[in-house]
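Right, one structure below, let's go through it.
The values are calculated or read from the model by the stated rules, or taken from the named source; none is laboratory data. This structure is a prediction, so every number in the text was calculated from the model and none was measured. Reconstructed Cβ throughout: ideal geometry from the backbone, glycine too, with neighbour counts over all protein chains shown.
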Amino acid sequence: MTNTLIILAGGASSRMKKSTASALSEEMVAQANTRSKALILLHDRPMLDYVLYAAKQAGITDVIIVIHPKGTLFKEYYGTKDHGNNFHGLTLSYAVQHIPKDREKPLGTADAVLQAMEQYPSLKSDSFLVCNSDNLYSTKAFFALRETKNAHAFLNYDRDALQYPMERIARFALTKTDAEGYLQDIIEKPDASRVEAYKNPDGTFRVSMNIFKFEGASFYPYVKECPIHPERQEKELPTAILAMVTDHPKSMLAIPFEEHVPDLTGKDDIFILNAYLSTHIPTLDWDQQPLDL
């Protein structure tokens, strides 16, 4: 099983900065407008603490956090060294997502993974997991990807298990798999009149929540050659994945999953996540041994 996790935390957090929430304190508004979402405090701890805790409980030992070139605040929380910080038994390192001179924002999630692989060349041959820094994945989720024997895989979430308003869920890209559970397509902005055509063989509508397993040697060419999305003008992981699937139709296993994934997209989500954590993760026991799921 792979022990390495890349966490994507170098994005511009544009939607968070543009959103509003009237009941937030001035301090929390300032955090939401200036920090990476991964560093917004929830119950006096950065959001990223909860992601790291779940990963550690699933047996992850090595974490590479992809940060913005100005993401120095991460080092105040997680260690000042570029490589090999000890954080509650996890070995934490940083990869900087450098921004092209002709751009103001990072070049996207595929570019983030590429830069991590370039800065840590062992990833070009090793297996590793990748996830967002603003989604609260469960220990069970990380463990499911660690234990799969498939070289490439992702968690394919039942849309009905996600506890979001329907108008928000309707904007999620749908995944389409074959009868054996391998990814065939990712449908962005699905037309409501054609949604039935995207139902999976098990009768569910499923979505990716951006948690993946990759085998570096075979995936590296696809992140390296990933084209820029024509609308969003970024190099995105789904584009690289679909290019690989086109060349190798049964390369990306979709693991069915049924549970909610709280996220931190806008300022209102700060209230929602604080309430969720109060109920589900009131304390973090970093000394607890990894769970045997």
* Asked: Glu167 fails exactly one of the following numbered conditions: (1) surrounded by 15 or more Cβ atoms within 10 Å (Cβ to Cβ); (2) of a type outside the set (Lys, Arg); (3) out of contact with any strand residue (DSSP E or B) (no Cβ under 8 Å at 6 or more places or on another chain). What is the number of that condition?
  -> (1)
* Pair list, Cβ < 9 Å and 6+ apart or interchain, from the stretch 248-263 residues that are at negative phi and surrounded by fewer than 20 Cβ atoms within 10 Å (Cβ to Cβ) to residues that are of a type in the set (Gly, Ala, Ser) and in a strand (DSSP E or B) -> Ile255/Ala153
* **Answer residue from the stretch 156-178, given it is within 19 Å of the chain's Cα centre (by Cα), among the charged types (D, E, K, R) and at pLDDT 90 or above and is farthest from Asp191 (Cα to Cα) among those** => Asp158
* Asked: Of all residues in the stretch 14-57, how many are surrounded by 21 or more Cβ atoms within 10 Å (Cβ to Cβ), of a type in the set (S, T, N, Q) and in a loop (DSSP other than H, G, I, E, B)?
  -> 1
* **Checking Arg232 against (1) over 30 Å from Lys18 (Cβ atoms); (2) touching a residue at least 40 places away in the same chain (Cβ under 8 Å), the condition it does not meet** => (1)
* **In the stretch 211-264, residue modelled with the lowest pLDDT [restricted to those that are under 17 Å from Gly108 (Cβ atoms) and of a type in the set (S, T, N, Q)]** => Gln233
* Residues in the stretch 201-208: is at least one crowded, with 17+ Cβ neighbours inside 10 Å, closer than 23 Å to Glu118 by Cα and of a type in the set (Gly, Ala, Ser)? -> no
* Segments classed as strands (runs of 3 or more DSSP E), wholly inside the stretch 87-169, with at least 3 members that are over 30 Å from Trp286 (Cβ atoms) -> 152-158
* Conditions: (1) buried (at least 23 other Cβ atoms within 10 Å of the Cβ); (2) touching a Leu at 6+ places or on another chain (Cβ under 9 Å). Thr148 meets all but one. Number of the miss? -> (1)
